[in-house]
Amino acid sequence: DRFIAGLVRPRDGSLMRAWMVNIDSDDDIEILIWTCVVGSGSYGELEIFKFDGVNIQPAQLPIPDDNLLKGYWGHDMFGLKDGIILRSFPLYLSGDGNCCPKGGTRTLELDILENKWKLSNKQINP
């Protein structure tokens with residue numbers, strides 16, 4: 001019955017998944033949008049928007065520290081587990097081809113209170 005004005009945002013790639021959750025325990029809903037860039041790197045991007053029932057506003061998402069991205073070449077996956085935003089990606093060793101990472105997988109979780117990414121032992125469920 002009610003029209004809510006939205007946002008028009010550029011998108012480079014495919015929409016992989018979207019969530020509507022309240023991750024910071026305030027009265028607003030967060031809308032998470034995971035997109036994947038077209039290309040061999042399949043770099044993932046996560047955007048977060050806050051919705052207060054009337055307005056939608058983009059929220060600033062921190063960039064992981066360089067030490068957390070060592071060995072990173074894309075192929076991101078994003079997910080939610082127990083209300084925590086997770087980002088997982090394969091690790092590439094020196095000499096690895098884009099098709100064949102041999103360094104395992106790293107998962108990060110977003111610490112909402114500190115607004116920073118940290119190492120996580122959680123796994124993203126497909």
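The values are calculated or read from the model by the stated rules, or taken from the named source; none is laboratory data. Not measured: the values here are computed from a predicted model. Cβ atoms come from the backbone with ideal geometry, glycine included; neighbour counts cover every protein chain shown. The area values use the complete protein model at the heavy-atom level, side chains included, leaving out ligands, DNA and RNA. Shrake-Rupley method; radii C 1.70, N 1.55, O 1.52, S 1.80 Å.
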What is the magnitude of the charge dipole of the chain about its Cα centre, with +1 placed on the Cβ of each Lys and Arg, -1 on the Cβ of each Asp and Glu, and no other charges, expressed in debye to the nearest 20?
540 debye
Over the chain, with neighbouring protein chains present, the accessible area per residue in Å² at probe 1.4 Å is 65 Å²
So between Asn55 and Val8, what do we pick up on full extension, going 0.36 nm a residue minus the alpha carbon distance?
15.6 nm
Sites Leu113 and Val37 - FRET efficiency at Förster radius 30 Å, r taken between beta-carbons, to 0.05
0.50
Once amide H atoms are built 1.01 Å from N in the peptide plane, which residues 5 or more positions from Ile23, or in another chain, come under 5 Å H to H?
Glu30
Other-chain or far-sequence residues with amide H under 5 Å of Lys81's (modelled H)
Leu86
Once ligands and nucleic acids are excluded and a 1.4 Å probe is used, how much of Lys118 is accessible, expressed in Å² to the nearest 10?
70 Å²
For percent of Cα pairs over 20 Å apart, one of (i) 41; (ii) 48; (iii) 32 was computed from the structure I shared and the rest are decoys. Which label?
(ii)
When the charge dipole of the chain is computed with +1 at the Cβ of Lys and Arg and -1 at the Cβ of Asp and Glu, the Cα pointing farthest to the positive end, of Leu32, Pro10, Tyr72, is that of Tyr72
Could you tell me what a quarter of the Cα convex hull surface of segment 1-72 works out to, in nm² with one decimal place?
6.4 nm²
Filtered hits (aspartates and glutamates, Cα-Cα < 18 Å from Lys50, offset >= 8 within chain) -> Asp24, Asp26, Asp27, Asp28, Glu30, Asp111, Glu114
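How large, in percent, is the carbon and sulfur part of the accessible surface of the chain at a probe radius of 1.4 Å? Mind showing how you got there, number by number?
Values: 4230 of 8140 Å².
Of all accessible area on the chain, carbon and sulfur atoms account for 52 percent.
Just to verify a number: FRET efficiency for Lys122 and Ser25, C-beta to C-beta distance, R0 = 22 Å, to 0.05? Write down the numbers at each step before the final one.
Details: r = 19 Å, r/R0 = 0.87.
Efficiency computed from Cβ-Cβ geometry: 0.70.
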